[in-house]
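A.B. asks: Sharing a structure here in structure tokens format.
The values are calculated or read from the model by the stated rules, or taken from the named source; none is laboratory data. As the structure is a computational prediction, the values presented were derived from the model and not from experiment. Every residue, glycine among them, receives a Cβ derived from its backbone with ideal geometry; neighbour counts consider all protein chains shown. Ligands, DNA and RNA are excluded from the accessible area calculation, which covers all protein heavy atoms including side chains. Shrake-Rupley method; radii C 1.70, N 1.55, O 1.52, S 1.80 Å.
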Amino acid sequence: MPATTRKKATADELLAAAVGAVPGGATRPGQQAMASAIDKAVRDREHLLVQAGTGTGKSLAYLTPALLVDGPVVVSTATLALQNQLVEHDLPRLADAVEPVLGRRPTYAVLKGRHHYLCMAKMEHADEEEPTDTLFDDAPPKTQWLGEAGKLGKQIQRLRSWSEKTATGDRDELDPGVDDTAWRQVSMPARDCVGAAKCPYGAECFAEASRVRAREADVVVTNHSLLAVDMLADRHIVPPHKLLIIDEAHELADRVSSASQAELTPDAIERSARRAGKLIPQAASEALAEAADALTVGLADVPAGRLTTGLPPALHQAVTLLESAARAGLSAIGDIKSDDPDPVRKQQAKASIGDLSDTAQRLLEESDFDVAWVEKSDMGSGRRALVVAPLSVAGTLSNGLYTDRTVVATSATLTLGGRFDTVARSLGLPVAAPSVPSARGAVAESAAPGALTPEAPAASGDGWTSLDVGSPFDYPKQGILYVAAHLPRPAASGLPDAAGEELLKLVSALGGRTLGLFSSRRAATQAAELLRARTDLPILLQGEEALPLLVRKFREDRPSCLFGVMSLWQGVDVPGDACQLVVIDRLPFPRPDEPLAAARSAAVDSAGGSGFASVSVPIAAIRLAQGVGRLIRSTGDKGVVAVLDSRLETARGYGAFLRKSLPPFWYTTRTDVAVGALQRLAAS
């Protein structure tokens, strides 16, 4: 009897099986629309931007069609929380659910940076290694408090025992963990790695093993930082693939910018000289020390901030000295050979000095496409650095992200002002000039959620489409957006007295249960002090305890309030009645002293545009949408978002744009309406 051919599964069948395996799972129209759009994008080889609001179930919406793609599919996330959610919960449950439909159990793997894995070559010399950190910034390299040294030694010993048992060498599997100083003694950054072929431990390398697992998996989960490094390294790290899914896509450009950033510090130069040791002659080592001293003097004489007219003379001289010293050091080290007595240490020294050389040359070029600035910590004797970063990464993304693969970018915040254009442009996708209206642009602006909208084709021939699948939440019935339009326009940093009184009135009406998102640590502290002085509510302040502990207390202690700064704007997920009021003290525009934002704004101004409208407003829109999104996390949530910045209502032009970038809450500027709603929530 001839064997029957199994019918190929469809994306709809896989999604139905996956949803059926979720406790209380139900079909969601937005989820189905997203899965279908991704399936079509893969078949048409067309890039896709998908805005999927909170509650859509976007993870299953992109994972199910991914399983139909031939070869590995790469999923990149911005946060460790989402990466863990995918690997520890979503993918195992999905694999179980679709196995009967697919006819096999799909496989998955996590791909992290090389420094996340134990390095056996470093482990061999861990007891001899000199820690890269010292207790005091101005202390001699080998000066360390004895208690700290003893603690480090114990951690190294525990790592040595763990190295004999672990199957993966993944730091995240070490429980209890060790601090960063100890881990650096036994891990190897990619730039320092000599390569498996030249390393005596190449055959048992944990990082190489993780790459082998990734090449054999159906789904590979990685992070934006490693994706950025892979792109800048001509895509030699992540396994070849036909489909790349970028979750939390609004974060990608910043991660690529960070990966393209470089810096010089006196400490780093001194560490490189020590690391090179006898591999370079005494004269070369002294030249590096001289460059470090010159950089120390140059940084002391220059205030923190962007360097708008090139390197000041003292810094230019220091960087010139460094470039010459680094070049001499590299020449002395020479090539890494397989018969070198210690190729690992030689590669570390060469990579360290090579980084200094590359950064010095980049700074001396003073390219119009780079931004340079001086960083100084708030404490006078703290960190000082000379930093350089690209003015824009849109060109890098355009040239390196989309070739030979289909890219699906998704997030809850991809439309700003109701359009995909701004985020698409930041991701390197071609967008028609805003000043030239077109039928296609008009369709994109007016399309209803769930409508697939074609966008401008790329110059390379690759087109892209956009899709907003909406949200399953009924925002107008579940929440109120209240703007305190009667308050004075915020001026000085900190929390104005009038805004403080408004905050007190709102929090008191509800009886706590408030997440306060503030523009500065000073404002958050002032708010906490005010509420502690004039109420009996438990007030939790970011920085006073570890953030996970604060969030847990906020979730469990019903009348508590949690106040903090930017990391709370998108890092807190508290569904239910523990969080029914989100207060934002002012619109989150970038500060004037943020070097990259200021440089990008100035570049737009010099080209005849509006830097504020093109740079500052979109940044504020994304941050504001992320913060506002903390309120409604499930279909049963209700509450109020209160913005204590009157500009959201009164500012001509950008006020309406920002409001249009937010979920469609019921909108009011009346204090009595907001207070009344909060009082009813308190009574219920």
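A.B. asks: Which of the listed residues, Leu678, Ala385, Gly298, is farthest toward the dipole's positive end in the chain, when Lys, Arg count +1 and Asp, Glu count -1 at the beta-carbon?
C.D. replies: Selected residue: Leu678.
A.B. asks: Taking only protein heavy atoms into account and a 1.4 Å probe, give the accessible area per residue of the stretch 459-512 in Å².
C.D. replies: Ligands and nucleic acids excluded, the result is 41 Å² per residue.
A.B. asks: Tell me the per residue accessible area of the stretch 540-596 using a 1.4 Å probe; a whole number in Å² is fine.
C.D. replies: Here the residues of the stretch 540-596 average 42 Å² of exposed surface.
A.B. asks: Which of rounded, prolate, oblate describes the stretch 484-568, given a ≥ b ≥ c as roots of the alpha-carbon gyration tensor eigenvalues and a/c under 1.5 marking rounded, otherwise prolate only if a/b is larger than b/c?
C.D. replies: Note, shape of the stretch 484-568 comes out oblate.
A.B. asks: Here is a follow-up. Contact order normalised by length for the chain, with contacts defined as Cα pairs under 8 Å and 6 or more residues apart; what percent is it?
C.D. replies: Once normalised by length, the contact order is 15 percent.
A.B. asks: Once the other residues with Cβ under 9 Å from the Cβ of Ile539 are scored (Lys, Arg +1; Asp, Glu -1), what is the net sum?
C.D. replies: In short, 0.
A.B. asks: Separate question: Grab the DSSP H runs of the chain that are 4 residues or longer, score each as -39,500 (n - 2.57), total them, divide by all residues and round the 222 nm result to the nearest 500 deg cm²/dmol.
C.D. replies: -13000 deg cm²/dmol
A.B. asks: Taking Cα centroids, how far is the stretch 222-239 from the stretch 496-531 in Å?
C.D. replies: Centre-to-centre distance over Cα atoms comes out at 42 Å.
A.B. asks: What are the DSSP H helices in the chain that stretch 27 Å or more along their long axis, judged by alpha-carbon atoms, and whose average Kyte-Doolittle hydropathy comes to at least -0.5?
C.D. replies: Answer set is 282-301, 313-333.
A.B. asks: Then there is this: With the crude spin-label approximation of a point 7 Å out along Cα→Cβ, what separation in nm comes out for Gln261 versus Arg670?
C.D. replies: It is 4.6 nm.
A.B. asks: Separate question: Nothing charged except the Cβ atoms of Lys and Arg (+1) and of Asp and Glu (-1): what's the magnitude of the dipole of the stretch 38-91 about its Cα centre? Round to the nearest 20 debye.
C.D. replies: For the stretch 38-91, the charge dipole is close to 120 debye.
A.B. asks: Let a ≥ b ≥ c be the square roots of the eigenvalues of the Cα gyration tensor of the stretch 218-356; is it rounded (a/c under 1.5), or, if not, prolate (a/b larger than b/c) or oblate?
C.D. replies: oblate
A.B. asks: While we're looking at this one, here's another question. Suppose R0 equals 45 Å. What FRET efficiency, 1/(1 + (r/R0)^6) with r the Cβ-Cβ distance, do Ala498 and Ala304 give to the nearest 0.05?
C.D. replies: Calculated transfer efficiency: 0.90.
A.B. asks: Summing Lys, Arg as +1 and Asp, Glu as -1, what charge do residues with Cβ under 10 Å from the Cβ of Ser519 carry, Ser519 excluded?
C.D. replies: After counting each charged neighbour, the total is +3.
A.B. asks: Using a simple charge model, +1 on the beta-carbon of Lys and Arg, -1 on the beta-carbon of Asp and Glu, nothing else, what dipole does the chain show about its Cα centre, in debye to the nearest 20?
C.D. replies: Working: 73 positive and 83 negative charges, 345 e Å.
Once rounded to the nearest 20, the dipole reads 1660 debye.
A.B. asks: A follow-up question, please. Cα gyration tensor of the stretch 173-289, axes a ≥ b ≥ c as square roots of the eigenvalues: rounded (a/c below 1.5), prolate (a/b > b/c) or oblate?
C.D. replies: prolate
A.B. asks: Here's a follow-up. Take every DSSP beta bridge whose two residues both sit in the chain, then give the antiparallel share in percent to the nearest 5.
C.D. replies: In the chain, approximately 25 percent of DSSP beta bridges are antiparallel ones.
A.B. asks: Under a 1.4 Å probe, what is the accessible area of the stretch 164-254 per residue, stated in Å²?
C.D. replies: Here the residues of the stretch 164-254 average 45 Å² of exposed surface.
A.B. asks: Heavy atoms only, probe 1.4 Å: what % of the accessible area of the chain goes to carbon and sulfur, would you let me know?
C.D. replies: In the chain, the share of accessible area belonging to carbon and sulfur is 52 percent.
A.B. asks: Determine which lysines satisfy two conditions relative to Lys58: a Cα distance under 25 Å, and not lying fewer than 8 residues away in the same chain.
C.D. replies: Hits, sequence-local ones excluded: Lys8, Lys40, Lys112, Lys242, Lys477, Lys638, Lys660.
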